[in-house]
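Report on the following structure.
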Amino acid sequence: MQRRRFVSLACQTAIAGAWPAWALQASAQEGTTPGLTDQAIHIASSVPLTGTLVGFGQAVQKGAGAAFAEINAQGGIYGRQIRLHLVDDGYDPERSVANIKNILQERKALALLSCVGTPNNTAITPLIEAAGIPHVAPITGAASLRKAQQSVFHVRAGYSEEVISLVQRLVGMGLKGIAVVYLDNGYGRELQGVAAAELQRLEATPAAELALEVKGDNANAVLQALKQARPSAVLLLTAGTSSLSMIQGIKQQLPGVLMAGLSSTIQGLKLDDAASGMAVTTIVPDPNRGKNGVVRNYQAAMQAQGEQEFSQGSLEAYINAHVLAYGLRLAGKEPTPARVRAALSSIRNFDLGGFVVSYGATPPFVGSRFIELGIIGRNGRFVG
């Protein structure tokens, strides 16, 4: 009953870890634009292709890859093909820093796209700002990263808005004992602070506030603490494979307890019946329903690459890639990092087909406030 009430209230792209020698030689020449040759525009991203958040990296690979393949098949950007290079960081901020330093020092890319993770982006953003390289759509909604940066262009809505929407809905349903489980890193601790503040504002006392290790090593201890707290609902401020272990554990050990989470909580996971009925937010339209033009285009682009499974994560990456491509077009036939930054900051009401991106004249640059609420159905898909 609570779950029902919640809803009612509620031509080819190169993707690789290394750059071809001719591209490095061309971009390393003094006076040339980094990542730009007569034939191609090179874009880079530091993402987890291994580790607990591997699904996030795979989503960027598939979604952005499909978008750039679609654009390249139509002639690219002023005749240049877009080449996307993904470099693995395993969700380790130190590896992200090493990756970005290498990209900048070797002048390997004209722009960055969708580097993943709150702690990772916290670590690399000072390098990006100092270099002046545009970074479009980092995969994070952290408020701490939405400051007056000149080179970072967020697309997705923020985590704070997602958390507040969920807390308000849960409290509005009359649920008294809401437990909060958060990832024990910068991402999770920031969101725990947002949830705690909103619960306090609504005069609701959390049943428990529990830190889950990034790899989920203390999942059993967290589950035991939840059982002792006897909550009516659990708000999961987690991400990656540790989210799945919590979802499955709560379903088994606390049957009937309502679960709720952010878009990032379930991103990149292959969900099963254990997640059915889980309340979630999403920051893109439903990727499985072609009611919007952007979703229909995304599905066609994915299918053209042999991909038959659609997800919020790959749709987000598809959208992000098109925002960057639009900025590249606006920057003209001879783009530079400065021209791309200026072009991106000029974007107003860019409608991809039911999903609009618009930046203000001054930073912080945040393009979308799109948030929807729904649940996970028995097939593991988002139900609006």
(request) Could you tell me whether any residue of region 117-126 is surrounded by fewer than 20 Cβ atoms within 10 Å (Cβ to Cβ), outside any helix (DSSP H, G or I) and not aliphatic (A, V, I, L, M)? (result) no
(request) Give region 286-313 a look and list any residue that's modelled with pLDDT under 95 and in contact with a Leu (Cβ under 8 Å, 6 or more places away or on another chain), or say none. (result) Pro287
(request) Please find, within region 346-366, the residue that is most open to solvent (accessible area, probe 1.4 Å) out of those that are hydrophobic (A, V, I, L, M, F, W, C) and over 21 Å from Tyr159 (Cα atoms). (result) Ala361
(message) Here's a check for you: in region 146-192, which residue that is farther than 18 Å from Glu316 by Cβ and of a type in the set (S, T, N, Q) is most open to solvent (accessible area, probe 1.4 Å)?
(response) Gln150
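What are the residues in region 367-384 that are of a type in the set (A, V, I, L, M) and open to solvent by 20 Å² or more (accessible area, probe 1.4 Å), if any? Reasoning before the result, please.
Within region 367-384, the first condition is being of a type in the set (A, V, I, L, M), and the residues that meet it are 371, 373, 375-376, 383.
Passing the criteria: Ile371, Leu373, Ile375, Val383.
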(message) Six or more apart or on different chains, Cβ atoms under 6 Å: show the pairs whose first residue is in region 343-360 and among the aliphatic types (A, V, I, L, M) and whose second is in a strand (DSSP E or B) and surrounded by 12 or more Cβ atoms within 10 Å (Cβ to Cβ).
(response) Leu344/Phe153; Val357/Phe350
(message) Every residue in region 245-285 that is among the small types (Gly, Ala, Ser) and touching a strand residue (DSSP E or B) at 6+ places or on another chain (Cβ under 7 Å), please.
(response) Ala260, Gly261, Ser263, Ala275, Ser276, Gly277, Ala279
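Within region 88-99, can you find the residues that are among the aliphatic types (A, V, I, L, M) and either under 17 Å from Ile41 (Cβ atoms) or open to solvent by 40 Å² or more (accessible area, probe 1.4 Å) (or both)?
If we filter region 88-99 for residues that are among the aliphatic types (A, V, I, L, M), which is where we start, we get 97-98.
The answer is Ala98, and nothing else.
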(request) Please go through region 302-315 and pick out each residue that is closer than 24 Å to Thr140 by Cα and out of contact with any Ser or Thr (no Cβ under 8 Å at 6 or more places or on another chain). (result) Glu309, Phe310, Ser311, Gly313, Ser314, Leu315
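So which of Gln74, Gln58 is open to solvent by 60 Å² or more (accessible area, probe 1.4 Å), within 27 Å of Thr125 (Cβ to Cβ), modelled with pLDDT of 95 or more and not aliphatic (A, V, I, L, M)? Break it down stepwise before answering.
Details: Gln74 fails: within 27 Å of Thr125 (Cβ to Cβ).
On inspection, the qualifying residue turns out to be Gln58.
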(request) Could you grab me the full set of residues in region 209-240 that are modelled with pLDDT of 95 or more, over 18 Å from Ile164 (Cα atoms) and of a type in the set (A, V, I, L, M)? (result) Leu210, Ala211, Leu212, Ala219, Ala221, Val222, Leu223, Ala225, Leu226, Ala229
(message) If the requirement is being in contact with a strand residue (DSSP E or B) (Cβ under 9 Å, 6 or more places away or on another chain), under 21 Å from Arg339 (Cβ atoms) and modelled with pLDDT of 95 or more, which of these qualifies: Pro48, Pro34?
(response) Pro34
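Considering only residues that are within 17 Å of the chain's Cα centre (by Cα) and either of a type in the set (Gly, Ala, Ser) or open to solvent by 10 Å² or more (accessible area, probe 1.4 Å) (or both), which ones fall in region 243-280? If you could, list the steps in order and put the result at the bottom.
Within region 243-280, the subset within 17 Å of the chain's Cα centre (by Cα) is 243, 261-270, 280.
Residues satisfying the conditions are Ser243, Gly261, Ser263, Ser264, Ile266, Gln267, Gly268, Leu269, Lys270.
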(request) Kindly indicate whether Leu104 is modelled with pLDDT of 95 or more and open to solvent by 10 Å² or more (accessible area, probe 1.4 Å). (result) yes
(message) Between Ala300, Ala343, which is surrounded by 15 or more Cβ atoms within 10 Å (Cβ to Cβ) and of a type in the set (A, V, I, L, M)?
(response) Ala343
(request) Could you tell me which residue of region 38-80 is nearest to Lys108 (Cα to Cα), considering only residues that are among the polar types (S, T, N, Q), under 16 Å from the mean Cα position of the chain (by Cα) and outside any loop (DSSP other than H, G, I, E, B)? (result) Ser45
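The values are calculated or read from the model by the stated rules, or taken from the named source; none is laboratory data. The shown structure was predicted, so the numbers you read here are calculated from the model rather than taken from an experiment. Neighbour counts are summed over all protein chains in view; Cβ atoms, including those assigned to glycine, are modelled from backbone coordinates with ideal geometry. Side chains included, ligands, DNA and RNA excluded: accessible areas come from the protein's heavy atoms. Shrake-Rupley method; radii C 1.70, N 1.55, O 1.52, S 1.80 Å.
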